[in-house]
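The values are calculated or read from the model by the stated rules, or taken from the named source; none is laboratory data. Every value quoted in this text rests on a predicted model; they were computed, and no experiment measured them. As a convention, Cβ positions derive from the backbone with ideal geometry for all residues, glycine included, and neighbour counts pool all protein chains shown. Just the protein is used for accessible areas: all its heavy atoms, side chains included, with ligands, DNA and RNA removed. Shrake-Rupley method; radii C 1.70, N 1.55, O 1.52, S 1.80 Å.
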Amino acid sequence: MTTLGLIGAGHIGSALAQTALDAGWDVVISNSRGPETLADLVSELASRPSAGGAVRAGTAAEA
């Protein structure tokens, strides 16, 4: 399985995450405030019907 690590969860990072999920990739997304602040974004991305991969929040080091 291919995994994409993203540091940055703004407009561009979110769009890249959506594209990767649609392609069936797993995604680890991070930001400077910590993984706990990304719960809403992760939930939104995971609930998309076209999401073929898995998404989770992580630290910058994990991404």
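Considering only the other residues whose Cβ falls under 12 Å of the Cβ of residue 45, what net charge follows from Lys and Arg at +1 and Asp and Glu at -1?
-2
Compute the helix-to-body angle for 11-22: its Cα long axis versus the longest principal axis of the chain, expressed 0 to 90° and rounded to tens.
On a 0 to 90 degree scale, this one is about 40.
Compute the distance in nm between two label points, each set 7 Å from the Cα along the Cα-to-Cβ direction, one at residue 61 and one at residue 2.
For residue 61 paired with residue 2, the spin-label model returns 2.8 nm.
DSSP loop GluC sites (Glu not before Pro) in region 11-63 with at most 14 other Cβ atoms within 10 Å of their Cβ, which ones?
Hits after loop and neighbour filter: 62.
Once fully extended, how much extra length lies between residue 22 and residue 50, figured as 0.36 nm per residue of separation less the alpha-carbon to alpha-carbon distance?
Working it through step by step, the gained length comes to 9.5 nm.
For region 3-57, what is the accessible area per residue in Å² when the probe is 1.4 Å?
56 Å²
Probe radius 1.4 Å, ligands and nucleic acids ignored: give me the carbon and sulfur share of the accessible area of the chain as a rounded percent.
56 percent
Return, for the Cα atoms of the chain, the radius of gyration and Dmax in Å, separated by a comma.
10.2, 29
With runs of 4+ DSSP H residues as the only contributors, calculate the mean residue ellipticity of the chain at 222 nm using -39,500 (n - 2.57) per run, divided by the residue total and rounded to the nearest 500.
Helices in the chain give a 222 nm mean residue ellipticity of -9500 deg cm²/dmol.
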